[in-house]
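Engineer: There's a structure below that I have some questions on.
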There are 2 protein chains.
Amino acid sequence: MHFTSEQHLDDGVREREFTLGEIPGTLWTPESAAPAPLILMAHNNGLPKSEPRLVARARRTAAYGYAVASIDAAGCGDRPRSATAEQARADLRRAMQAGEPADEIFESLVGPLVEGAVPEWRTALDALLALPEIAGPVGYSGWTAVGIRLAAVEPRIAAAGFFAGGYVPRAQRAEAREVTVPLLLLLQWDDEGNPRQRALDLFDAFGSKEKTLHANLGGHTGTPWFELDDGNRFFARHLR
Amino acid sequence: MHFTSEQHLDDGVREREFTLGEIPGTLWTPESAAPAPLILMAHNNGLPKSEPRLVARARRTAAYGYAVASIDAAGCGDRPRSATAEQARADLRRAMQAGEPADEIFESLVGPLVEGAVPEWRTALDALLALPEIAGPVGYSGWTAVGIRLAAVEPRIAAAGFFAGGYVPRAQRAEAREVTVPLLLLLQWDDEGNPRQRALDLFDAFGSKEKTLHANLGGHTGTPWFELDDGNRFFARHLR
C-alpha cells in the first residue's frame, strides 16, 4: 500500500490517496491518535470514489471518528472497462431512457462488476487493517450488491448499511439470506431507478436478526442529510 | 386543570397527575426552568396512559427536555365504556384468536373511539399550552388514528410520530392525505396485529412532503430501544 498524496481538511480529517497494486483508493482518517474503527464505503454500480456525494459522506463519517476507505475496484471508477461492460452501459442508458425493461442488461453489467470488485475490496481490507491508525471492527456502507457479497463471505464485516437495493443482481438477491450482521437499509420512496417493492422484498430477505429499514420521500439523490447522522449512530452501536 | 399528585423522578423529570373536567391526564416535565416544547403521547386504541411502556417512553422523552402529556380520552383507559364498545372488544378478541377477518369489528370499536378522543385531546392541548412551563411548538407521538385526525384538524401540531398503522379506521385512512406536517412512521416488520402492506400504503398516502419510515424486524412490542432516541431526534429537528 503506497500513499501518493495527503490533505489535512478543516474538520480534523486526513485524506490520503493510495495505490495497492492496480487498485487506487482513498483513506479518510480522524487526526486523533487512537486507532479508529473502519468503514468501507462503496458507491453504487461502479461510480468513482471521487464522486462528490461519496466524498462528502466519507469526510463527514471520518469527522465522527471513523477511518473510511473507498477504492475503485476492477471495472469501477476510472479503471479500464471491458468492451462488454461498455456495451452494457450504453444499452442500459438507452433502455432506461426508453422506459424498457432493463433487468437483463443490468444483470450483464453489474453481475460481473460485483464478481470483480469483491476480491479487491477484501485485498484492500487486509492492507487497511494492517495500518496502525485503523482498528477493527469493520463496517460497510453503500453499494448494496457488493455489500451483500462482502457481508456474506467476509467475517470481518460486523455491520452493514446499504442504499437503494431496487436493482441487485440475481446472485446477490439469493445471497441476501446469508447476510446475518446487523444492517440498515436506506431507500428513497420514489427512487426513479429502484423499484420500491423489490427493495422491500430485499429487506425482507436478509438473514439478519437485527435489521432496520429507513425510507424517505423523494427520488434517488434526495436522501435527507439527517440519514447520514442516523447511519453514523447505527455504526456507533455496532462498531464501538 | 387541577394537579392531583406530583412525583420527582431520578432523571430530573417531574411527573404530575391532573384532571381536566372528566379527563384524567399525566404531565411529565423536565425540572429545568425554560419552557419546553410539548409532545402529546397517546397509546394505541384506547390503552391506558398508565400502561408501563407508554410511561417509560414519556419519562425518557421528558428527560430529553420535552414536556410530555397523555390523557385517557373518552372511552379510553379506565374511562367508562359503552356497551357497544365492550361488545366490540369481546368480538375483536374472539375474531383475532380465531384468525377471522376483524376489519368491521375493529372499525366499530376504534372509529367511535377516535371521534370521541380527538376533541378531548384538543381540550387538553388548550389547557397545557396555558401552563407557564410549556411552550409551543407541539408534537404528537403514538396512536396513529388519533394522530391523523389531530394533525389534520389541529394547526398547532407541528410534527407527528406514528406507530404501527396496519389497522386504521376508514375515515383516518382517507384523512391521511390531509396530514402535511413532517412525520415519522415507525413500524414493526412482523407486527402480528398490523398487516405490513397496509402500513406501507398508509405511509404512501400521507400528504407530508417530509416523511420518513422506520421499520424493524420483530413483532408488535419488539421495537428496539434506539427508536426512542431516533424519535426524539426527529422531534428535535422540528420542535426546537
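The values are calculated or read from the model by the stated rules, or taken from the named source; none is laboratory data. Since the model is a prediction, treat every value here as computed from it, not as a measurement. Note that we place each Cβ from the backbone using ideal geometry, even for glycine, and neighbour counts take in every protein chain shown.
Engineer: In region A:163-190, how many are part of a strand (DSSP E or B) and within 14 Å of chain B (Cβ to nearest Cβ)? Outline the logic, then answer.
Structural biologist: Keep residues of region A:163-190 that are part of a strand (DSSP E or B), which gives A:163, A:183-188.
Those still in the list that are within 14 Å of chain B (Cβ to nearest Cβ) too: A:183-188.
Looking only at that region, the number is 6.
Engineer: Restricting attention to region A:1-45, report how many residues are of a type in the set (Phe, Trp, Tyr) and surrounded by fewer than 16 Cβ atoms within 10 Å (Cβ to Cβ).
Structural biologist: At the first step, the residues of region A:1-45 found to be of a type in the set (Phe, Trp, Tyr) are A:3, A:18, A:28.
Restricting the remaining residues to those that are surrounded by fewer than 16 Cβ atoms within 10 Å (Cβ to Cβ) gives A:3.
Residues flagged as of a type in the set (Phe, Trp, Tyr) and surrounded by fewer than 16 Cβ atoms within 10 Å (Cβ to Cβ) within region A:1-45 amount to 1.
Engineer: If you don't mind, there's one more thing I want to ask. Please go through region A:117-129 and pick out each residue that is buried (at least 20 other Cβ atoms within 10 Å of the Cβ), of a type outside the set (Phe, Trp, Tyr), in contact with a Leu (Cβ under 8 Å, 6 or more places away or on another chain) and within 13 Å of residue A:149 (Cα to Cα).
Structural biologist: Matches in region A:117-129: A:118 only.
Engineer: Another question about this same structure. Look at region B:197-240 and say how many of its residues are in a helix (DSSP H, G or I), under 29 Å from residue B:103 (Cβ atoms) and within 9 Å of chain A (Cβ to nearest Cβ).
Structural biologist: Within region B:197-240, residues that are in a helix (DSSP H, G or I), under 29 Å from residue B:103 (Cβ atoms) and within 9 Å of chain A (Cβ to nearest Cβ) number 4.
Engineer: Please verify whether residue B:90 is touching a strand residue (DSSP E or B) at 6+ places or on another chain (Cβ under 7 Å) and assigned to a helix (DSSP H, G or I), treating the condition exactly as stated.
Structural biologist: So residue B:90 fails the test.
Engineer: Based on this model, can you work out whether residue B:22 counts as out of contact with any strand residue (DSSP E or B) (no Cβ under 8 Å at 6 or more places or on another chain), at pLDDT 95 or above and at negative phi?
Structural biologist: The answer is yes for residue B:22.
Engineer: Residues of region A:99-116 being surrounded by fewer than 18 Cβ atoms within 10 Å (Cβ to Cβ) and over 14 Å from residue A:74 (Cβ atoms), which ones?
Structural biologist: A:99, A:100, A:101, A:103, A:104, A:107, A:108
Engineer: I need the full set of residues from region A:206-219 which are surrounded by 16 or more Cβ atoms within 10 Å (Cβ to Cβ) and within 23 Å of residue A:159 (Cα to Cα), in order please.
Structural biologist: Those that are surrounded by 16 or more Cβ atoms within 10 Å (Cβ to Cβ) and within 23 Å of residue A:159 (Cα to Cα): A:206, A:208, A:210, A:211, A:212, A:213, A:214, A:215, A:216.
Engineer: Could you say which residue among B:139, B:193 is away from every other protein chain (no Cβ under 12 Å), in contact with a Phe, Trp or Tyr (Cβ under 9 Å, 6 or more places away or on another chain) and under 24 Å from residue A:228 (Cβ atoms)?
Structural biologist: Values: B:193 fails: under 24 Å from residue A:228 (Cβ atoms).
So the residue among B:139, B:193 that is away from every other protein chain (no Cβ under 12 Å), in contact with a Phe, Trp or Tyr (Cβ under 9 Å, 6 or more places away or on another chain) and under 24 Å from residue A:228 (Cβ atoms) is B:139.
Engineer: From the list B:158, B:145, pick out the single residue that is under 15 Å from the mean Cα position of the chain (by Cα) and within 17 Å of residue B:49 (Cα to Cα).
Structural biologist: Working: B:158 fails: within 17 Å of residue B:49 (Cα to Cα).
Testing whether each residue is under 15 Å from the mean Cα position of the chain (by Cα) and within 17 Å of residue B:49 (Cα to Cα) leaves just B:145.
Engineer: Tell me which residues, restricted to region A:46-63, are in contact with a helix residue (DSSP H, G or I) (Cβ under 9 Å, 6 or more places away or on another chain) and surrounded by fewer than 20 Cβ atoms within 10 Å (Cβ to Cβ).
Structural biologist: Our first condition is that a residue be in contact with a helix residue (DSSP H, G or I) (Cβ under 9 Å, 6 or more places away or on another chain); within region A:46-63, this holds for A:46-49, A:56-57, A:60-61.
Scanning region A:46-63 gives A:47, A:48, A:56, A:60.
Engineer: What tally of residues in region B:49-71 results from selecting those that are part of a loop (DSSP other than H, G, I, E, B) and under 11 Å from the mean Cα position of the chain (by Cα)? Break it down into steps so the answer makes sense when it comes.
Structural biologist: Step one: list which residues in region B:49-71 are part of a loop (DSSP other than H, G, I, E, B), which gives B:49-51, B:64-66.
Those still in the list that are under 11 Å from the mean Cα position of the chain (by Cα) too: B:49.
Summing the residues that are part of a loop (DSSP other than H, G, I, E, B) and under 11 Å from the mean Cα position of the chain (by Cα) in region B:49-71 gives 1.
Yes/no matrix, rows are residues, columns are (1) in a loop (DSSP other than H, G, I, E, B); (2) closer than 24 Å to residue B:13 by Cα; (3) at pLDDT 95 or above:
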residue	(1), (2), (3)
B:105	no, no, no
B:117	no, no, yes
B:121	no, yes, yes
B:142	no, yes, yes
B:145	no, no, yes
B:151	no, no, yes
B:159	no, yes, yes
